[in-house]
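The values are calculated or read from the model by the stated rules, or taken from the named source; none is laboratory data. Note that this is a predicted model, so its numbers are computed, not measured. Neighbour counts run over all protein chains shown; Cβ positions are idealised from the backbone, glycine included. The accessibility values were calculated without ligands, DNA or RNA, using every heavy atom of the protein model including side chains. Shrake-Rupley method; radii C 1.70, N 1.55, O 1.52, S 1.80 Å.
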Amino acid sequence: MPKMKSNRGAAKRFRKTGTGKLVRMRACKSHILTKKNRKRKRRLRTATVASQADVRRVRRMLPGT
């Protein structure tokens, strides 16, 4: 039986931490940055843990995790 393929789009967006949680980057940081204040843009740079509602779906897209 061949290996399962991971969803490449999901593989680029999520990574697994040492404890097994899924981490993602925040949205709204790609364009129209002039109207967003410094504090907001700084917060958008940091990664955050993926929502518990999405974890099951993402794990199915990434068989290795």
Item to check | Accessible surface, per residue, of the chain when the full set of protein chains is kept, probe 1.4 Å, Å² | outcome: 91
Checklist entry - Which value, in debye to the nearest 20, describes the size of the charge dipole of the chain about its Cα centre when Lys and Arg Cβ atoms bear +1, Asp and Glu Cβ atoms bear -1, and nothing else is charged? => result 420
Checklist entry - Expressed in nm to one decimal, what extension gain is obtained for the pair Met1 and Thr65 from 0.36 nm per residue of sequence separation less their Cα-Cα distance? => result 21.1 nm
Checklist entry - Once the Cα atoms of helix 52-61 and of the chain are each reduced to a long axis, what angle between those two axes, in degrees from 0 to 90 to the nearest 10, is obtained? => result 50
Next on the checklist: If you filter the chain for trypsin sites (Lys or Arg not before Pro), then keep DSSP loop positions with at most 10 other Cβ within 10 Å, what is left?
Outcome noted: Lys3, Lys5, Lys35
Checklist entry - Ignoring ligands and nucleic acids, what accessible area does Ser6 show with a 1.4 Å probe (Å², nearest 10)? => result 40
Checklist entry - If you work out P(r) over Cα pairs in 10 Å bins from 0, in percent from the coordinates, which of (i) 24, 62, 14; (ii) 19, 42, 26, 11, 2, 0; (iii) 20, 47, 23, 9, 1 do you get? => result (ii)
Checklist outcome for this item: Only helices counted: for the chain, with every DSSP H run of 4 or more residues adding -39500 (n - 2.57) and the sum spread over all residues, [θ] at 222 nm is -10000 deg cm²/dmol
